[in-house]
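What follows is a single structure, written as C-alpha coordinates, with notes after it.
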Amino acid sequence: MSSRMRMVFALWMKLLACSPWFWLLLVCNGISVSILMNDISTERVAVSVIYEKLGMLIIAFTMISVFSLDMDSGFMNLLRSYPVRRIVLLIERGAIGYFAGIAIVLLSGILLPGNIPWTLHLRYLLFMLPVYWTMGALTAAGTLLVQHTVGGLFGALMFWSAAMSQVGGEYSPILLNFSGVHLAVIHWWTQTEAAWENWLVFNRWFYCAVGILLWSLAWFAIRIWKKR
(Lines give C-alpha, C1' and ligand atoms only; values in the text may rest on other atoms or scores of the structure.)
Protein backbone atom coordinates (compact mmCIF):
# COMPACT_ATOMS: atom_id res chain seq x y z
CA MET A 1 0.00 0.00 0.00
CA SER A 2 1.40 3.39 -1.00
CA SER A 3 1.93 6.22 1.50
CA ARG A 4 -0.95 8.13 -0.11
CA MET A 5 -3.33 5.21 0.29
CA ARG A 6 -2.26 4.74 3.93
CA MET A 7 -2.90 8.41 4.61
CA VAL A 8 -6.32 8.32 2.93
CA PHE A 9 -7.27 5.11 4.73
CA ALA A 10 -6.24 6.54 8.11
CA LEU A 11 -8.18 9.76 7.43
CA TRP A 12 -11.36 7.96 6.43
CA MET A 13 -11.22 5.56 9.35
CA LYS A 14 -10.84 8.55 11.68
CA LEU A 15 -13.83 10.26 10.05
CA LEU A 16 -15.89 7.09 10.41
CA ALA A 17 -14.91 6.79 14.06
CA CYS A 18 -16.02 10.39 14.63
CA SER A 19 -19.31 9.94 12.78
CA PRO A 20 -22.34 9.50 15.10
CA TRP A 21 -24.12 7.53 12.35
CA PHE A 22 -21.37 4.92 12.32
CA TRP A 23 -21.66 4.33 16.07
CA LEU A 24 -25.44 4.38 15.82
CA LEU A 25 -25.13 1.60 13.25
CA LEU A 26 -23.03 -0.47 15.65
CA VAL A 27 -25.51 0.03 18.51
CA CYS A 28 -28.53 -0.78 16.33
CA ASN A 29 -26.70 -3.82 14.99
CA GLY A 30 -26.08 -5.13 18.49
CA ILE A 31 -29.68 -4.53 19.54
CA SER A 32 -30.98 -6.22 16.37
CA VAL A 33 -28.80 -9.27 16.93
CA SER A 34 -29.98 -9.57 20.56
CA ILE A 35 -33.64 -9.35 19.55
CA LEU A 36 -33.34 -11.75 16.63
CA MET A 37 -31.47 -14.35 18.65
CA ASN A 38 -34.49 -14.77 20.92
CA ASP A 39 -36.62 -15.98 18.00
CA ILE A 40 -34.05 -18.19 16.25
CA SER A 41 -34.16 -21.92 16.85
CA THR A 42 -31.47 -23.32 14.53
CA GLU A 43 -27.92 -22.37 13.60
CA ARG A 44 -28.86 -22.30 9.93
CA VAL A 45 -31.50 -19.63 10.45
CA ALA A 46 -29.21 -17.61 12.74
CA VAL A 47 -26.44 -17.59 10.14
CA SER A 48 -28.91 -16.51 7.45
CA VAL A 49 -30.11 -13.62 9.60
CA ILE A 50 -26.61 -12.33 10.39
CA TYR A 51 -24.75 -12.89 7.14
CA GLU A 52 -27.60 -12.36 4.69
CA LYS A 53 -30.51 -10.29 6.00
CA LEU A 54 -28.59 -8.11 8.44
CA GLY A 55 -25.29 -8.27 6.55
CA MET A 56 -26.74 -6.70 3.41
CA LEU A 57 -28.02 -3.74 5.41
CA ILE A 58 -24.71 -3.30 7.20
CA ILE A 59 -22.81 -3.14 3.90
CA ALA A 60 -25.31 -0.62 2.55
CA PHE A 61 -25.09 1.66 5.58
CA THR A 62 -21.30 1.57 5.83
CA MET A 63 -21.03 2.43 2.13
CA ILE A 64 -23.53 5.24 2.62
CA SER A 65 -21.53 6.50 5.60
CA VAL A 66 -18.38 6.69 3.48
CA PHE A 67 -19.99 8.48 0.53
CA SER A 68 -22.04 10.80 2.76
CA LEU A 69 -18.84 12.46 3.96
CA ASP A 70 -18.28 13.61 0.36
CA MET A 71 -21.70 13.95 -1.24
CA ASP A 72 -23.91 15.43 1.47
CA SER A 73 -21.24 17.91 2.59
CA GLY A 74 -20.69 19.19 -0.95
CA PHE A 75 -17.01 18.22 -0.89
CA MET A 76 -17.39 16.30 -4.16
CA ASN A 77 -18.17 19.58 -5.92
CA LEU A 78 -14.71 20.86 -4.97
CA LEU A 79 -13.07 17.88 -6.66
CA ARG A 80 -14.14 19.14 -10.09
CA SER A 81 -11.16 21.49 -10.09
CA TYR A 82 -8.72 18.74 -9.12
CA PRO A 83 -7.18 16.20 -11.53
CA VAL A 84 -8.54 13.21 -9.63
CA ARG A 85 -9.12 9.98 -11.53
CA ARG A 86 -12.63 8.57 -11.24
CA ILE A 87 -11.41 5.04 -10.65
CA VAL A 88 -9.27 6.23 -7.72
CA LEU A 89 -12.28 7.89 -6.09
CA LEU A 90 -14.33 4.72 -6.37
CA ILE A 91 -11.57 2.40 -5.17
CA GLU A 92 -10.77 4.50 -2.13
CA ARG A 93 -14.35 5.02 -1.01
CA GLY A 94 -15.48 1.52 -1.93
CA ALA A 95 -12.58 -0.23 -0.21
CA ILE A 96 -13.18 1.58 3.07
CA GLY A 97 -16.93 0.96 2.90
CA TYR A 98 -16.45 -2.76 2.25
CA PHE A 99 -13.73 -3.11 4.88
CA ALA A 100 -15.83 -1.50 7.60
CA GLY A 101 -19.00 -3.37 6.65
CA ILE A 102 -17.40 -6.81 6.39
CA ALA A 103 -15.61 -6.28 9.71
CA ILE A 104 -18.94 -5.52 11.44
CA VAL A 105 -20.67 -8.50 9.80
CA LEU A 106 -17.87 -10.87 10.74
CA LEU A 107 -17.81 -9.59 14.32
CA SER A 108 -21.59 -10.06 14.56
CA GLY A 109 -21.27 -13.61 13.26
CA ILE A 110 -18.48 -14.51 15.68
CA LEU A 111 -20.62 -13.28 18.59
CA LEU A 112 -23.39 -15.72 17.70
CA PRO A 113 -24.17 -18.18 20.53
CA GLY A 114 -22.84 -21.69 20.04
CA ASN A 115 -19.51 -23.16 19.11
CA ILE A 116 -19.31 -22.26 15.43
CA PRO A 117 -15.70 -22.74 14.19
CA TRP A 118 -14.01 -19.67 12.75
CA THR A 119 -13.48 -21.56 9.48
CA LEU A 120 -17.27 -21.74 9.02
CA HIS A 121 -17.56 -18.00 9.57
CA LEU A 122 -15.05 -17.50 6.78
CA ARG A 123 -17.04 -19.82 4.53
CA TYR A 124 -20.26 -17.91 5.19
CA LEU A 125 -18.47 -14.65 4.53
CA LEU A 126 -16.91 -15.86 1.26
CA PHE A 127 -20.28 -17.20 0.14
CA MET A 128 -21.87 -13.78 0.69
CA LEU A 129 -19.11 -11.66 -0.86
CA PRO A 130 -20.78 -11.50 -4.33
CA VAL A 131 -24.00 -10.21 -2.72
CA TYR A 132 -22.09 -7.67 -0.62
CA TRP A 133 -20.26 -6.64 -3.79
CA THR A 134 -23.58 -5.94 -5.50
CA MET A 135 -25.13 -4.19 -2.50
CA GLY A 136 -22.15 -1.86 -2.13
CA ALA A 137 -22.10 -1.12 -5.86
CA LEU A 138 -25.83 -0.39 -5.88
CA THR A 139 -25.46 1.99 -2.95
CA ALA A 140 -22.54 3.81 -4.57
CA ALA A 141 -24.21 4.04 -7.98
CA GLY A 142 -27.46 5.35 -6.50
CA THR A 143 -25.60 7.93 -4.43
CA LEU A 144 -23.55 9.21 -7.37
CA LEU A 145 -26.47 9.29 -9.81
CA VAL A 146 -28.68 11.30 -7.45
CA GLN A 147 -25.65 13.15 -5.96
CA HIS A 148 -27.02 12.48 -2.50
CA THR A 149 -26.98 9.45 -0.21
CA VAL A 150 -30.78 9.35 -0.40
CA GLY A 151 -30.39 7.75 -3.83
CA GLY A 152 -28.09 5.05 -2.52
CA LEU A 153 -30.28 4.41 0.51
CA PHE A 154 -33.39 4.09 -1.65
CA GLY A 155 -31.73 1.63 -4.04
CA ALA A 156 -30.31 -0.45 -1.19
CA LEU A 157 -33.63 -0.66 0.65
CA MET A 158 -35.48 -1.62 -2.54
CA PHE A 159 -32.99 -4.43 -3.21
CA TRP A 160 -33.13 -5.59 0.41
CA SER A 161 -36.94 -5.56 0.44
CA ALA A 162 -37.04 -7.64 -2.75
CA ALA A 163 -34.55 -10.08 -1.25
CA MET A 164 -36.58 -10.43 1.95
CA SER A 165 -39.66 -11.19 -0.14
CA GLN A 166 -37.82 -14.02 -1.93
CA VAL A 167 -39.17 -12.79 -5.27
CA GLY A 168 -36.05 -13.77 -7.18
CA GLY A 169 -36.38 -17.53 -6.91
CA GLU A 170 -33.02 -19.05 -7.91
CA TYR A 171 -31.65 -15.51 -8.25
CA SER A 172 -32.43 -14.69 -4.62
CA PRO A 173 -29.47 -13.46 -2.51
CA ILE A 174 -30.90 -15.10 0.63
CA LEU A 175 -30.18 -18.82 0.46
CA LEU A 176 -28.45 -19.94 3.66
CA ASN A 177 -31.76 -20.66 5.39
CA PHE A 178 -32.24 -23.61 3.01
CA SER A 179 -30.70 -26.80 4.40
CA GLY A 180 -29.24 -27.95 1.07
CA VAL A 181 -27.45 -24.66 0.45
CA HIS A 182 -26.26 -24.47 4.06
CA LEU A 183 -24.74 -27.95 3.84
CA ALA A 184 -23.08 -27.10 0.53
CA VAL A 185 -21.44 -24.05 2.11
CA ILE A 186 -20.23 -25.63 5.37
CA HIS A 187 -18.80 -28.64 3.49
CA TRP A 188 -17.28 -26.50 0.76
CA TRP A 189 -14.29 -28.34 -0.80
CA THR A 190 -14.36 -30.99 1.94
CA GLN A 191 -17.10 -33.44 0.89
CA THR A 192 -17.91 -34.37 -2.68
CA GLU A 193 -21.51 -35.25 -1.82
CA ALA A 194 -22.05 -31.61 -0.80
CA ALA A 195 -20.94 -30.18 -4.15
CA TRP A 196 -22.59 -27.00 -5.32
CA GLU A 197 -25.40 -27.39 -7.83
CA ASN A 198 -25.17 -25.50 -11.11
CA TRP A 199 -27.91 -23.01 -10.20
CA LEU A 200 -26.09 -22.09 -6.97
CA VAL A 201 -22.82 -21.44 -8.80
CA PHE A 202 -24.67 -19.37 -11.38
CA ASN A 203 -26.37 -17.43 -8.57
CA ARG A 204 -23.03 -16.30 -7.14
CA TRP A 205 -21.57 -15.46 -10.56
CA PHE A 206 -24.73 -13.52 -11.35
CA TYR A 207 -24.16 -11.19 -8.41
CA CYS A 208 -20.50 -10.81 -9.31
CA ALA A 209 -21.53 -9.65 -12.80
CA VAL A 210 -24.28 -7.35 -11.51
CA GLY A 211 -21.81 -5.75 -9.12
CA ILE A 212 -19.38 -5.07 -11.96
CA LEU A 213 -22.16 -3.46 -14.01
CA LEU A 214 -23.24 -1.26 -11.11
CA TRP A 215 -19.70 -0.12 -10.34
CA SER A 216 -19.33 0.70 -14.04
CA LEU A 217 -22.50 2.76 -13.75
CA ALA A 218 -21.04 4.57 -10.74
CA TRP A 219 -17.87 5.30 -12.74
CA PHE A 220 -19.99 6.65 -15.60
CA ALA A 221 -22.01 8.81 -13.18
CA ILE A 222 -18.80 10.47 -11.96
CA ARG A 223 -17.79 11.07 -15.58
CA ILE A 224 -21.06 12.90 -16.28
CA TRP A 225 -20.82 14.80 -13.02
CA LYS A 226 -17.26 16.03 -13.68
CA LYS A 227 -18.24 17.31 -17.14
CA ARG A 228 -21.03 19.54 -15.82
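Compute the signed sum of charges (Lys and Arg +1, Asp and Glu -1) over the other residues within less than 14 Å, Cβ to Cβ, of A141.
+3
At 1.4 Å probe size, put H148, H182, H187 in order of accessible surface, largest to smallest.
I get H148, H187, H182, largest accessible area first.
When ligands, DNA and RNA are left out and all protein chains stay put, how many square angstrom of accessible area per residue does the stretch 101-178 have with a 1.4 Å probe?
45
Once you list every other residue whose beta carbon is under 12 Å from the beta carbon of M128, what net charge do they have if Lys and Arg are +1 and Asp and Glu are -1?
+2
If you line up the Cα atoms of the stretch 108-194 on their principal axes, what length do they span on each, largest first, in Å?
Taking the Cα atoms of the stretch 108-194, the three principal extents are 47, 28, 22 Å.
The values are calculated or read from the model by the stated rules, or taken from the named source; none is laboratory data. Note that this is a predicted model, so its numbers are computed, not measured. Positions of Cβ are backbone-derived with ideal geometry, glycine not excepted, and every protein chain shown enters the neighbour counts. Note: areas computed on protein heavy atoms with side chains; ligands, DNA, RNA excluded. Shrake-Rupley method; radii C 1.70, N 1.55, O 1.52, S 1.80 Å.
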